[in-house]
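Presented below is the structure to which this report refers.
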Amino acid sequence: AKTPAHLPICFFTQEMNVRVRERLQLEQDLHLAVERGELELYFQPIVQSGQCQPVGAEVLLRWQHPQNGIISPATFIPLAEASGLIVTIGDWVLRQACSWLRHWLDLGLTPGPLAINISRLQLQDRLVTVIRDLASEYRIATHMLELEMTENILLDDHVQVSKTLDQLQAMGIKLSLDDFGTGYSSLSYLRRFSFDALKIDRSFIQGLPQDQDGCALIGAIVVMAHRLGLRVVAEGVETVEQRDFLRQQGCDFLQGYLLGRPMTASAYQATLPCFSAA
Ligand code: C2E
Ligand code: CA
Ligand code: CA
Ligand code: CA
């Protein structure tokens, strides 16, 4: 144990122990989070390219942990996916979203469609039933719900996935391919599945409009998507220059801090138009 080479190894394993313990603790806490009401839906406006008024919102989950404060979904969604808890959480998100839509409709407001993130494990036949039942329970037209999914859905049996996606679309639910451009096979996905929209990943938007290659890529993606009959949503729009460039390129919808940060339901509600004003 005198050789210095051992020291970093010991240090590393100890740190790893702590990390593993933290992870296990967080995973346990997450099981209780739904029951304890620690999860909350946030809403980030999605606007039509030439306008300011939101046409709808993406639903983003937040976890108010009793000791650790707000925990990002980037941290806890992977945990929920690894433990399978994502199915329970996903059901809860769908129910909450329908419940908010009902609440806003009852107030005479016109909420746009809500785009909900769906994990790979949720994409089974039961999802179709869950959504159908929720839509009827809350009297929500299915076009008020949109689903976003990333390329990793195809790690599973692709015949089964296709079937589920077809059933959802037949119900009138719009599907978006999320984080477009970050995976290995974005283009082959577009051939194999019939999505309604694609969301260009934030990493492509970041360098605009200085990054020449980035600009060329955006232009090409928009043209290609439109040829395939897909709408294009740009995410992570932070500056006026980015907004103007994306508009000019014919991008259909914009989302990002410039247009509005993810906000609580009551803050989002305050942005919604009334029937009479519409
Ligand atoms: P995502 O689906 O790609 O969501 C967009 C993320 O970008 C959100 O992070 C949002 O807050 C952030 N964002 C939006 N505009 C901007 C911007 O202008 N600049 C920057 N820097 N960031 C921006 P968030 O809320 O932390 O969510 C992270 C990821 O967690 C989401 O990525 C999604 O994959 C996952 N997630 C969130 N809610 C759910 C959920 O209910 N179910 C599932 N399965 N996954 C979820
Ligand atoms: Ca998303
Ligand atoms: Ca995304
Ligand atoms: Ca993402």
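The values are calculated or read from the model by the stated rules, or taken from the named source; none is laboratory data. Computed from a predicted model, the values in this text were never measured in an experiment. All Cβ positions, even for glycine, are placed from backbone atoms using ideal geometry, and neighbour counts span all protein chains on display. For accessibility, only protein heavy atoms count, side chains too; no ligands or nucleic acids. Shrake-Rupley method; radii C 1.70, N 1.55, O 1.52, S 1.80 Å.
Tabulated values for the structure
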item: Residue in segment 221-234 that is touching a strand residue (DSSP E or B) at 6+ places or on another chain (Cβ under 8 Å), among the basic types (K, R) and closer than 14 Å to G181 by Cβ present; result: no
item: Counted residues, segment 240-257 - those being under 18 Å from the mean Cα position of the chain (by Cα) and of a type in the set (A, V, I, L, M); result: 1
item: Scope segment 167-181; condition part of a helix (DSSP H, G or I) and surrounded by 14 or more Cβ atoms within 10 Å (Cβ to Cβ); matching residues; result: Q167, L168, Q169
item: Residue within segment 266-278 that is surrounded by 13 or more Cβ atoms within 10 Å (Cβ to Cβ), closer than 26 Å to Q122 by Cα and touching a helix residue (DSSP H, G or I) at 6+ places or on another chain (Cβ under 8 Å) present; result: no
item: Out of I89, I77, sole residue that is within 16 Å of ligand 3 (Cβ to nearest atom), β-branched (V, I, T) and in contact (Cβ under 8 Å) with a residue 40 or more places away in the chain; result: I77
item: Whichever residue in segment 261-278 is away from ligand 1 (no atom under 15 Å from the Cβ) and touching a Leu at 6+ places or on another chain (Cβ under 8 Å) and, among such residues, is modelled with the lowest pLDDT; result: F275
item: Close pairs from segment 133-148: first in a loop (DSSP other than H, G, I, E, B), partner modelled with pLDDT of 95 or more and surrounded by 12 or more Cβ atoms within 10 Å (Cβ to Cβ), Cβ under 6 Å, at least 6 apart; result: Y138/C98; Y138/R102; I140/C98; I140/L101
item: Total residues in segment 111-132, condition closer than 23 Å to A265 by Cα, touching a residue at least 40 places away in the same chain (Cβ under 8 Å) and either within 16 Å of ligand 1 (Cβ to nearest atom) or within 13 Å of the chain's Cα centre (by Cα) (or both); result: 7
item: Filter pass, E241 being among the charged types (D, E, K, R) and crowded, with 20+ Cβ neighbours inside 10 Å; result: no
item: Every pair of residues 6+ apart whose Cβ atoms lie under 9 Å, when the first sits in segment 230-250 and is at negative phi while the second is among the hydroxyl-bearing types (S, T, Y) and open to solvent by 20 Å² or more (accessible area, probe 1.4 Å); result: V237/Y257; E238/Y257
item: Failed condition for G112, given (1) touching a Lys or Arg at 6+ places or on another chain (Cβ under 8 Å); (2) closer than 23 Å to K199 by Cα; (3) not in a strand (DSSP E or B); result: (1)
item: Criterion violated by N152 - all others in (1) within 16 Å of ligand 3 (Cβ to nearest atom); (2) under 21 Å from Q48 (Cβ atoms); (3) of a type outside the set (A, V, I, L, M) satisfied; result: (2)
item: One residue from V233, V240 being within 16 Å of ligand 4 (Cβ to nearest atom) and hydrophobic (A, V, I, L, M, F, W, C); result: V233
item: Cβ-Cβ under 9 Å pairs, at least 6 apart or on other chains, segment 191-203 side within 13 Å of ligand 4 (Cβ to nearest atom) and open to solvent by 70 Å² or more (accessible area, probe 1.4 Å), far side in a strand (DSSP E or B) and at pLDDT 95 or above; result: R202/A234
item: Hits in segment 155-184 - residues which are at positive phi and within 16 Å of ligand 3 (Cβ to nearest atom); result: D179, G181
item: Selection count, segment 67-84, where residues are closer than 17 Å to L41 by Cα and away from ligand 2 (no atom under 15 Å from the Cβ); result: 6
item: Count of residues meeting criterion [within 16 Å of ligand 2 (Cβ to nearest atom) and surrounded by fewer than 19 Cβ atoms within 10 Å (Cβ to Cβ)] in segment 148-162; result: 1
